[in-house]
Amino acid sequence: MNQALPTLTRVADYQIEQLIGQGSFARVYAVRNTLDIRRPKRALLELIVQGNREERNLRERTFKRTAEILEKLNHPSIPRAYCLFENDDNFYLVQEFIDGINYSEYFDGKKSPLKITEIERVFEEVLEGLAELHRAKIVHRDIKPSNLMRRNTDNSTVIVDFGSACDLSALDALETLLGNSNKNLGSTQIYTPGYAHPEQREGLVPATFQWDLYALAKTIVALRLGVNPPWNQPWSVEDLGFSQKVEKLLKEMLKTEGCQLIDACDALKFEPKPIQLGQTSVSSLPPITSTKRESNNKNWFLLAVGLTMLAVAMTGVYFFLGPKYINLFQDQEKLQVPQCPNYVKSNLNLPVPDTGFAARFYYPETMVAGGSSLEIWRDGKLLARANDNIRGFIWIKSLANGSNFPPGNYQMRLLVPESIPYEIEVALDPDFPFYYLGNAAALKVACAVPAEPQTS
């Protein structure tokens, strides 16, 4: 893992001891603070800046944003971030130094295989770390064995390498699709083959927390099999020897469609359904006595009388109250619909404003374009309203007077026919002046009629 000492030996007040590793977004060094040698060793991340100007700006923004978020987090499974600074036109982030090895060392016979109990402990600790990230609206996007470190002190697990992480609270389609899916942004990859969710590999979908869950499940299977995917040998989760809860949870997380878990917080609360015991055969039942038979007959008679009286009462309600009241009851029941699965697709060819709001969603196939609307409110006042000229997509670029939306807090209200209105409070700031409501974490429109997933 460790590499030779680089030609760069000092950055600001930090003496570089070793180049630990390098990814697509950053180099990582082991450093010491020259001003206070009593301070512990730190990890210094140097942002790798390459590509055209647009990609360089985007990388710098993402690096700064990630540093700001990590600095606020405090969890044993996430490295502490201490400070972000600029030196000689390069950006650096000082983080906690993790003294240990990454889990890729357990592949191909490099180290003795982990026991099942050890792997289950890794699973739980990474889930807890991801839950902390997901609560902060962060998707790691590159969970894999080489991005998990095992501390030498207590064998606990730490998630590392946040160079591909994205902030869903300030996410637009451009940031989500950085890389191979957009030729104008170079060829930067934001996933690892074998571990990434199929939708992440396609590069046409805003990031979701389920990507991290899927990648973690593949990581746990890889640790059990002792080799990176793809796997040549046949395997199934049931044959890996995990506990019932871990087995059921892994199967749910590996679903590419229809996963019932929204994020890692859901996964931590997951409880498998108890196994239904088989029904006892008729021959093993004791014989029914005449007393029990008479009692059963009496119960059936009372039930029949009750159903008859109920039918008569319902008929009277219909004729006396009128069909309109029945329709009212039906309409109210129609609103109590389950939330639809969120398969939100995006397309960079759609016009994306520099400032403002956008929403992508699905609704019943019976509805026509223009039937849904997006409202922007601030301080109890309606500022803007627009309909979906493109089916299932609305964007608002500026206020009615032509000026852009100033930084601050806004309320977005999405109204879809035959669906429960969806409301969310969002913030615009100079770094992220555009809010894109089009990811599974944000958009939860209840569909009156289930709609099939679509691809723009």
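The values are calculated or read from the model by the stated rules, or taken from the named source; none is laboratory data. What you see is a predicted model, and the numbers here were worked out from it, not measured in a lab. Note that we place each Cβ from the backbone using ideal geometry, even for glycine, and neighbour counts take in every protein chain shown.
Among (1) at pLDDT 80 or above; (2) of a type in the set (Lys, Arg); (3) in contact with a strand residue (DSSP E or B) (Cβ under 8 Å, 6 or more places away or on another chain), there is one condition ARG61 misses while meeting the rest; what is its number?
In the conditions (1) at pLDDT 80 or above; (2) of a type in the set (Lys, Arg); (3) in contact with a strand residue (DSSP E or B) (Cβ under 8 Å, 6 or more places away or on another chain), ARG61 misses (3) alone.
Scan the range 223-265 for residues that are closer than 24 Å to ALA131 by Cβ, touching a Ser or Thr at 6+ places or on another chain (Cβ under 9 Å) and crowded, with 19+ Cβ neighbours inside 10 Å and report the count.
Qualifying residue count for the region: 1.
Can you tell me how many residues within the range 131-150 are surrounded by fewer than 24 Cβ atoms within 10 Å (Cβ to Cβ) and either among the acidic types (Asp, Glu) or free of Cβ contacts under 8 Å to residues at least 40 places away in the same chain (or both)?
Of the residues in that region, 1 qualify.
Please count how many residues of the range 6-33 are loosely packed, with under 14 Cβ neighbours inside 10 Å and among the β-branched types (Val, Ile, Thr).
So the answer is 2.
What are the residue pairs meeting all of these: first residue in the range 104-127, first residue in the same structural domain as GLY194 (by TED's automatic domain parsing), second residue aromatic (Phe, Trp, Tyr) and in a helix (DSSP H, G or I), Cβ atoms under 6 Å, and 6 or more apart or on different chains?
Matching pairs, first to second residue: LEU114/TYR106.
Output the number of the condition that ILE101 fails; it satisfies all remaining conditions of (1) farther than 20 Å from ARG59 by Cα; (2) modelled with pLDDT of 95 or more; (3) aliphatic (A, V, I, L, M).
Status for ILE101: all satisfied but (2).
Counting only residues that are in contact with a Phe, Trp or Tyr (Cβ under 9 Å, 6 or more places away or on another chain), part of a strand (DSSP E or B) and at pLDDT below 90, how many does the range 22-46 have?
1
Listed residues GLY194, GLY203; which is in contact with a Pro (Cβ under 9 Å, 6 or more places away or on another chain) and more than 19 Å from PRO272 (Cα to Cα)?
Selected residue: GLY194, the only one of GLY194, GLY203 that is in contact with a Pro (Cβ under 9 Å, 6 or more places away or on another chain) and more than 19 Å from PRO272 (Cα to Cα).
Please specify each residue of the range 92-113 satisfying the condition of being in contact with a Gly (Cβ under 9 Å, 6 or more places away or on another chain) and assigned to a loop (DSSP other than H, G, I, E, B).
Result: PHE107, ASP108, GLY109, PRO113.
Determine whether the range 189-198 contains at least one residue that is among the hydroxyl-bearing types (Ser, Thr, Tyr) and either at pLDDT below 90 or assigned by TED's automatic domain parsing to the domain that holds ARG360 (or both).
yes
Can you tell me which residue is farthest from the chain's Cα centre (by Cα) among those in the range 34-47 that are farther than 19 Å from ASP89 by Cα and buried (at least 17 other Cβ atoms within 10 Å of the Cβ)?
This residue is ARG42.
Answer yes if at least one residue in the range 173-187 is touching a strand residue (DSSP E or B) at 6+ places or on another chain (Cβ under 9 Å), modelled with pLDDT under 90 and of a type in the set (Val, Ile, Thr), and no otherwise.
Within the range 173-187, one or more residues are touching a strand residue (DSSP E or B) at 6+ places or on another chain (Cβ under 9 Å), modelled with pLDDT under 90 and of a type in the set (Val, Ile, Thr).
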